[in-house]
1. Any residue at all in the range 128-139 that's of a type in the set (Ser, Thr, Tyr), touching a residue at least 12 places away in the same chain (Cβ under 8 Å) and either closer than 26 Å to Val243 by Cα or open to solvent by less than 10 Å² (accessible area, probe 1.4 Å) (or both)?
2. Assess whether Asp249 counts as being open to solvent by 40 Å² or more (accessible area, probe 1.4 Å), charged (D, E, K, R) and under 15 Å from Asp147 (Cα atoms).
3. Taking the range 201-218, which residues are small (Gly, Ala, Ser) and in a loop (DSSP other than H, G, I, E, B)?
4. Please go through the range 30-53 and give me each residue that is more than 23 Å from Gly121 (Cβ to Cβ), in a helix (DSSP H, G or I) and within 19 Å of the chain's Cα centre (by Cα), ordered by number.
5. Which of the following residues is of a type in the set (S, T, N, Q), open to solvent by 10 Å² or more (accessible area, probe 1.4 Å) and without any contact (Cβ under 8 Å) to a residue 12 or more places away in the chain: Thr103, Thr107?
6. From Pro221, Pro255, grab the single residue that is open to solvent by 90 Å² or more (accessible area, probe 1.4 Å), at pLDDT below 95 and either of a type in the set (Gly, Ala, Ser) or not in a helix (DSSP H, G or I) (or both).
7. Are any residues in the range 224-252 of a type in the set (Val, Ile, Thr) and assigned to a loop (DSSP other than H, G, I, E, B), and if so, which ones?
8. Mind checking whether some residue in the range 162-175 is closer than 21 Å to Thr69 by Cα, open to solvent by less than 40 Å² (accessible area, probe 1.4 Å), free of Cβ contacts under 8 Å to residues at least 24 places away in the same chain and within 19 Å of the chain's Cα centre (by Cα)?
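The values are calculated or read from the model by the stated rules, or taken from the named source; none is laboratory data. Since the model is a prediction, treat every value here as computed from it, not as a measurement. FYI the Cβ positions are ideal-geometry reconstructions off the backbone, even for glycines, and counts take in every protein chain you see. Accessible surface areas use protein heavy atoms only, side chains included; no ligands, DNA or RNA. Shrake-Rupley method; radii C 1.70, N 1.55, O 1.52, S 1.80 Å.
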Amino acid sequence: MSKKYQHPDRRPAVITGASSGIGAETARVLAAAGHPVALGARRVDALEELAAAIRAGGGEAVAHALDVTDDDAVDEFAAKATADLGDIEVVVSNAGLVAPGATIEVTSARFAREIDLNLVGAHRIVRTFVPAMVERRRGDIVFVSSDVAVRPRPFMSAYSAGKWGLEGMANALQMELEGTGVRASIVRPGPTWSGMGTDWDDGDAAFVLDQWVRFGLARHPHFLKARAHADAIATIVGAPRGVHLSLLDVNPEAPVEERS
């Protein structure tokens with residue numbers, strides 16, 4: 001058996017939605033911290049490029065296709081990641097989808113697709129990876145949520161509903177896992193520059209942002225970079241045994257006001 005399967009300090013990590021944004025940055029940060037990383041997303045070309053960059057920097061990384069809306073695809077990805085890296089010690093559930101639209105206008109099928117990816121997809125990841133963690137009595141699963149879970153955004157109701165549900169599931173899971181040695185945690189990003197929303201029509205994006213301002217949901221112009229959330233995730237999984245960072249709510253600091 002390879003030494004990589006035996007060393008107690010080796011903590012292989014899986015990151016879903018790793019092809020861009022928070023997922024890609026989390027892969028870089030965890031790899032730099034010494035975690036072998038398995039990258040999963042639908043855009044395999046972007047994953048391969050990131051994995052190659054991590055390896056070039058001295059890290060250990062593999063990339064495999066992953067569609068969290070497909071049970072078989074999740075199982076296949078998990079089998080490949082485990083075969084490559086050994087028992088998975090850390091899972092970052094980050095895959096997400098958001099599209100603009102009025103609640104009364106979007107089709108129920110589109111609404112359901114967002115819920116399936118953002119909420120049910122996270123459950124597929126839990127069901128696939130966490131039972132083995134419980135059996136080994138150690139592990140971390142981190143859910144990347146959004147501040148829409150506590151401050152819902154207009155014209156993004158499916159995303160808001162999915163993240164509300166995600167945090168409900170994660171909080172229930174935290175209670176169920178208590179005493180197992182497995183920690184379930186939430187990172188809740190505030191406004192952030194990331195890959196999500198970059199495929200929106202410019203007019204739709206401007207309209208939605210105006211509605212954020214209208215309802216006081218964009219109090220200042222600062223947005224975070226993805227690195228802030230990657231660092232938060234690294235802090236959670238790097239906490240010593242006996243410490244559970246159950247929720248980190250990460251928001252951009254407002255511009256410093258000049259004194260009059």
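1. yes
2. Considered against the rule, which asks whether it is open to solvent by 40 Å² or more (accessible area, probe 1.4 Å), charged (D, E, K, R) and under 15 Å from Asp147 (Cα atoms), Asp249 comes out as yes.
3. Selection gives Gly216, Ala218.
4. Passing the criteria: Ala31, Ala32.
5. From the options Thr103, Thr107, the qualifying one is Thr107.
6. Pro221
7. Residue satisfying the conditions is Val243 alone.
8. no
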